[in-house]
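The values are calculated or read from the model by the stated rules, or taken from the named source; none is laboratory data. Please read all numbers here as calculations on a predicted model, not as lab measurements. FYI the Cβ positions are ideal-geometry reconstructions off the backbone, even for glycines, and counts take in every protein chain you see. In case anyone asks, the SASA skips ligands and DNA or RNA and just uses the protein heavy atoms, side chains included. Shrake-Rupley method; radii C 1.70, N 1.55, O 1.52, S 1.80 Å.
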Amino acid sequence: MSRNPPSVVILGGGVIGLSIARELLQRGCRVTVVDRGQPVGQSSWAGAGILASGHAKASVHPLDRMAGVANRLHEQWARELLAETGIDNGFRNCGGVYLALTPGESVSLRGQMAEWSSEQIGSVSLDGPELKSSLGPEFQPMPEPLAAWRVPGESQVRPPRHLAALTAAVKLAGGRILQVEGSPETSVAPIVTGNRVRAVCVNGEQLDCDWFCLAAGAWSGALAEQLGWSLPLVPVRGQMVLFRCAGQFFQPIVNAGSRYLVPRDDGHVLAGSTMEEAGFDPSTTAEAVASLTGFASRLFPALDSSRIVRSWAGLRPATFDGMPCIGFIPGFENALVATGHLRSGLQLSTATAVMIADLVEGRPVEENWRSLFSPSRRLDRPV
């Protein structure tokens, strides 16, 4: 007697939730994604799409190892999504240039490059002429950077296009995406029997499920309370500015400290980003926009305020120990969570999706990841 494929309800229609949905659908599951349907404030839509370097085996930090796995998957998924949906998600192996603009950044950057070299991540020191050759004639920094390195392995995707491709792929594979009417906290209600989530009520409709996954970004904490679980997450606001130029005048991603410039091949340039604890406020501020514009024009004078197309902010979910929460929700045998990725949600989304799907299927997961990212670890704010 054949058994129906397992049904999964995923709360969260951002890049994490949609990536999990696609992976599970490819493994034969039946999937319903419950989505807020409000892109403003969601970190997935608002992000820069940088795929920073990492090595799956040689990197020391577990998130860098996970990034190495995720980057390989992103390249594969970009090809597959284009074939499945006809949507180009903007994956480009454009490389990255890292600049030190202060003495402190210079020391930090040299240490970072030495570490990456030991982790088999290629990088090349650039002198002044080489740097200007890499970034083109519009690169006219004031003052000159104290140090510069090229990292050929850095890539990017365009988040809105990637989300559109994932959404289309999920629907084409038979997945259902259900929009919440009103706030998720009042329109979504898990139905629990013992240590299992057996159904989720959404807009008055009962969705029976074999598996449940919470992947609602910064809003996951409020939804976790419905399961009697305290998931302390801090929404971290990141503001960004988008410039429009006549054409693409540099290709690599430019990184300087915690800020960056991401060139798109259609002439847009994205400048980011701030890190602010501002609650669930996704608005921008004049001070942050001016600071980002000043940073961009310091390196490329053409990127002044006259080139601004728009600005926006996204809310990133942060845990107090800096590690994402991926795994079984404490006290449940069929309920999982995937959130807390902070600035790395889009980059780590592919590897997170594989990890969640492996847990659903009972496959082995790298022990270090399972313990370090465990939702059962201590998550409250350190004293």
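Overview of values
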| read-out | value |
| --- | --- |
| Cβ-based charge dipole, the range 245-287, positive-most Cα from Thr284, Ala256, Ala246 | Ala246 |
| Pair Ser374, Asp88: separation of 7 Å Cα→Cβ label points (nm) | 4.6 nm |
| The chain - charge dipole about Cα centre, Lys and Arg +1 at Cβ, Asp and Glu -1, debye rounded to 20 | 360 debye |
| Residue-normalised accessible area of the chain, given per residue in Å² at a 1.4 Å probe | 41 Å² |
| Fully extended contour minus Cα-Cα distance, from Ser118 to Gln251, at 0.36 nm per residue | 45.2 nm |
| Protein accessible area in the range 68-196, 1.4 Å probe - carbon and sulfur % | 55 percent |
| Difference of contour (0.36 nm per residue) and Cα-Cα distance, Glu75 to Ser258 | 63.4 nm |
| Separation in nanometres of the label points that stand 7 Å from Cα toward Cβ, at Thr193 and Thr285 | 5.0 nm |
| Inverse of mean 1/r across different Cα pairs in the chain, Kirkwood, Å | 21.5 Å |
| Gap separating the Cα centres of the range 114-166 and the range 300-375, nearest whole Å | 24 Å |
| Relative contact order of the chain, defined on C-alpha pairs under 8 angstrom at six or more residues apart (%) | 23 percent |
| Gain upon complete extension [Asp265, Glu130; 0.36 nm per residue less C-alpha separation] | 46.4 nm |
| Ranked packing of 304-314, 198-208, most packed first, by mean Cβ within 10 Å | 304-314, 198-208 |
| Highest average packing first - 139-147, 69-77, Cβ atoms within 10 Å | 69-77, 139-147 |
| Descending semi-axes in Å of the range 278-374, equivalent ellipsoid built from Cα gyration tensor | 39, 15, 11 |
| DSSP-defined antiparallel bridges as percent of all bridges, the chain, nearest 5 | 70 percent |
| For the range 52-96 and the range 190-218, distance of Cα centres in Å | 31 Å |
